[in-house]
Amino acid sequence: MNTPFLANATPLQDPSEAPSWQQQLANVIDSPQVLLEILELPSQLLAAAQQGHHDFKLRVPRAFVNRIEKGNIRDPLLRQIWPFAQEQEPAPKDFVFDPLGEANSNQNAGIVHKYQNRVLLIVNGSCAVHCRYCFRRHFPYGDNQLTRQQWVETLKYVEQRPEINEVILSGGDPLSSSDARLFDLINAIEAIDHVKRLRIHSRLPIVIPERITHELVTRLQQSRLQTIMVVHANHANEIDASVGNALLKLHQAGITVLNQSVLLKGINDNAQSLIDLSERLFEFKTLPYYLHLLDKVVGAHHYDVTEQTAIELINEIQITLPGFLVPKLVREIDGQPSKTLISI
Ligand code: SF4
């Protein structure tokens, strides 16, 4: 097998030079004014951003900001995290506060059980980055902050249901938790015999790649559970050398690494962006898994791309990409037992 990573990628940064993930998490930018100054954005963007920030806080790690082009209000990474004025426009009628109906599937605090064989555990409510299109931007995370003792009770739910063979750690971002908390939880899941797989949904390997520490990788590698890491990148520019390094570490530890992305207007709604993303991911042994149509959440309508356009884009990228680099186009529909695959 050839090594496109070594041939094409920019040299890896020495991880010892970067601040620890905990330092980076403590030092995220959470002020529109500060971000505006760092990125040399036009000052007229500030008032609307302050308003959007009031509804759903701006929050972004500096490592991610470093990948944004200064002064470019069309930068595809900036558009994911900056509260633009459109958030304040009245939402179309089909945009709602809980587009996936998670409040109904969330009868037990900390658990979302929508699919028969798998459950999603809300490990914590915090994310390193706030993505403006997030379908959980109005989710009551405060009601799902559990103590360790509550976790024990919550996991009884899984224990009592032998049909559950996969546990998904989600959030917020599960990797925002300390190793101690995360490893306790993994220990408890491993103790449930009928659980075979552990899936971790996290944006941290992309926004603070230093989160993929030796300790974390070793713990996952030692698990009796088959482990899958599902990362979330929407544009090739998100994947710099340090992100590539983190993805490769996971792959080399035998962890299956998949990416899911969201089709976002003005960010990746053109064939070349989607092709570049798939190619860049696979340079680092990560497979493009899902391309989601936007979940219609209030405040995000300006990111919406029609289903017809999405189908045309998939048809277009199929001409260039091998099948395994074409993500599945899906939509989540409230009440459906699984994601709905959009036929091309
Ligand atoms: S990291 Fe995921 S859960 Fe957190 S804001 Fe972004 S899309 Fe939402």
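The values are calculated or read from the model by the stated rules, or taken from the named source; none is laboratory data. A quick note: this is a predicted structure, and the numbers were derived from the prediction, not measured. Cβ atoms come from the backbone with ideal geometry, glycine included; neighbour counts cover every protein chain shown. With ligands, DNA and RNA removed, areas are computed over all heavy atoms of the protein, side chains included. Shrake-Rupley method; radii C 1.70, N 1.55, O 1.52, S 1.80 Å.
What residue among Pro327, Pro288, Pro83 has the largest mean-square fluctuation in a Gaussian network model of the chain, using Cα springs under 10 Å? Comparing Pro327, Pro288, Pro83 in the GNM, the peak value goes to Pro327. Treating r as the C-beta distance of Asp184 and Ile319 and R0 as 51 Å, the FRET efficiency rounds to 0.60. Between Leu36 and Ser126, the FRET efficiency estimated from the beta carbon spacing at R0 = 22 angstrom works out to 0.40. The Stokes-Einstein estimate for the stretch 55-119, based on a Kirkwood radius over Cα pairs and taken at 25 °C with 0.890 mPa s viscosity, is a diffusion coefficient of 159 µm²/s. Placing unit charges on the Cβ atoms only, positive for Lys and Arg and negative for Asp and Glu, gives the chain a dipole magnitude near 520 debye about its Cα centre. Considering only alpha-carbon pairs that sit under 8 angstrom and 6 or more positions apart, the relative contact order computed for the chain is 17 percent.
May I ask you to give the solvent-accessible area per residue for the chain, in square angstrom, as obtained with a 1.4 angstrom probe? Before the final figure, lay out each step's value.
Working: 15120 Å² over 344 residues.
Solvent-accessible surface per residue comes out at 44 Å².
Distance between the pseudo-spin-label points of Ala241 and Leu287 (7 Å out from Cα toward the beta carbon): 3.0 nm. Just the protein heavy atoms count here, and of the accessible area of the chain at 1.4 Å, carbon and sulfur take up 50 percent.
Filter Lys156/Lys328; Lys93/Lys285; Lys114/Lys249; Lys265/Lys328 down to the pairs with a C-alpha to C-alpha distance above 29 Å, please. Check vs 29 Å cut-off fails for Lys156/Lys328; Lys93/Lys285; Lys114/Lys249.
Given N residues in the stretch 160-247, what is Rg(Cα) / (2.2 N^0.38 Å)?
Working: Rg = 13.7 Å, N = 88, 2.2 N^0.38 = 12.1 Å.
With N residues counted in the stretch 160-247, Rg over 2.2 N^0.38 Å equals 1.13.
The three principal axes of the C-alpha atoms in the chain carry coordinate ranges of 54, 50, 44 Å, sorted with the longest axis first. Computed extension length for Gln226-Asn165: 20.9 nm, one decimal, from 0.36 nm per residue of separation with the Cα-Cα distance subtracted. Test of understanding: given the chain, find the longest segment containing no GluC sites (Glu not before Pro) that are in a DSSP loop and have at most 10 other Cβ atoms within 10 Å. It works out to 164-344.
Can you tell me which aspartates and glutamates have their Cα less than 15 Å from the Cα of Lys296? Leave out same-chain residues fewer than eight positions away. Straight-line reach from Lys296, under 15 Å: Glu87, Glu89, Asp94, Asp98, Glu102, Asp304, Glu307, Glu332, Asp334. Membrane-span-like helices of the chain, defined as complete DSSP H segments with a Cα extent of 30 Å or more along the helix axis and a mean Kyte hydropathy of at least 0.5, are absent. Fully extending the segment from Ala191 to His54 would add 45.1 nm, taking 0.36 nm per residue of separation and subtracting the current Cα-Cα distance.
Starting from the Kirkwood radius over alpha-carbon pairs of the stretch 258-311, derive D by Stokes-Einstein at 20 °C in a medium of 1.002 mPa s and give it in µm² s⁻¹.
Values: Rh = 11.8 Å.
The calculation lands on 182 µm²/s.
The listed residues Ile319, Ile38, Ile206 rank as Ile319, Ile38, Ile206 when sorted by accessible area, largest first, using a 1.4 Å probe.
What length, rounded to one decimal in nm, is gained on full extension from Val96 through to Glu153, with 0.36 nm per residue of separation minus their alpha-carbon distance? Difference between extended and current length: 17.3 nm.
Short version: what are the Cα gyration tensor semi-axes of the stretch 242-344, square root of 5 times each eigenvalue, largest first, in whole Å? Don't jump to the answer; show the numbers that get you there.
Values: eigenvalues 115, 52, 38 Å².
Equivalent ellipsoid of the stretch 242-344: 24, 16, 14 Å, largest first.
Taken along the Cα-to-beta-carbon direction at a fixed 7 Å, the label points for Leu341 and His251 span 2.5 nm.
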